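Below is one structure, written out as C-alpha cells, with a few remarks after it.
The values are calculated or read from the model by the stated rules, or taken from the named source; none is laboratory data. All figures in this text were calculated on a predicted structure; none of them were measured in a lab. Ideal geometry is used to build each Cβ from the backbone, glycine not excepted, and the neighbour counts take in all protein chains shown. Surface accessibility is based on the protein's heavy atoms, side chains included, excluding ligands, DNA and RNA. Shrake-Rupley method; radii C 1.70, N 1.55, O 1.52, S 1.80 Å.
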Amino acid sequence: MIKKFVIFGATGMLGHDVADALKEHDVITPSHKDVSIDNWSSIEQFFLRLRSCDAVINCAAFTQVDRCEGELGAKAFRINGGGPPI
C-alpha cells in the first residue's frame with residue numbers, strides 16, 4: 001500500500017534523508033517557492049490544490065545563521081520557532 005507524504009524542507013539535509021527513506025512511497029516535496037511555511041494562506045492554498053495526503057513531515061528550517069541573527073531574525077523565528085501557523 002503506497003502512502004502519500006508531503007515533506008516540507010526536502011532540499012535540506014534532514015528533509016533529503018527523510019524523502020530518501022520514503023522513496024518507495026508517493027513523496028511530494030514542495031519548495032519554498034511552492035509554499036511559504038510561515039504563511040497560513042500559502043499553506044492552505046497548497047493543500048487545497050493537493051487535495052489529499054496521508055502525512056505531512058515538516059523538516060523546513062531557516063539555516064542562514066548570519067541572516068537569522070540580523071535582517072531576517074523575525075522570519076527565522078517564525079519558521080524555526082513557530083513553523084506553520086495554527
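Quick look at the values:
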item: Selected residue [small (Gly, Ala, Ser) and in contact with a strand residue (DSSP E or B) (Cβ under 7 Å, 6 or more places away or on another chain)] from Ala55, Ala76, Ala10; result: Ala55
item: Close pairs (9 angstrom Cβ cut-off, 6 or more residues apart or separate chains): in contact (Cβ under 8 Å) with a residue 60 or more places away in the chain in region 28-46, open to solvent by 20 Å² or more (accessible area, probe 1.4 Å) anywhere; result: none
item: Selected residue (only one of Ser52, Ser36 is over 12 Å from the mean Cα position of the chain (by Cα), open to solvent by less than 80 Å² (accessible area, probe 1.4 Å) and polar (S, T, N, Q)); result: Ser52
item: Extreme residue, modelled with the highest pLDDT, among residues of region 59-74 that are within 19 Å of Val35 (Cβ to Cβ), surrounded by 14 or more Cβ atoms within 10 Å (Cβ to Cβ) and out of contact with any His (no Cβ under 9 Å at 6 or more places or on another chain); result: Ala61
item: Check on Lys3, among the basic types (Lys, Arg), surrounded by fewer than 14 Cβ atoms within 10 Å (Cβ to Cβ) and touching a residue at least 24 places away in the same chain (Cβ under 8 Å); result: yes
item: Selection count where residues are open to solvent by 70 Å² or more (accessible area, probe 1.4 Å), farther than 17 Å from Ala76 by Cβ and among the aliphatic types (A, V, I, L, M), scope region 9-33; result: 2
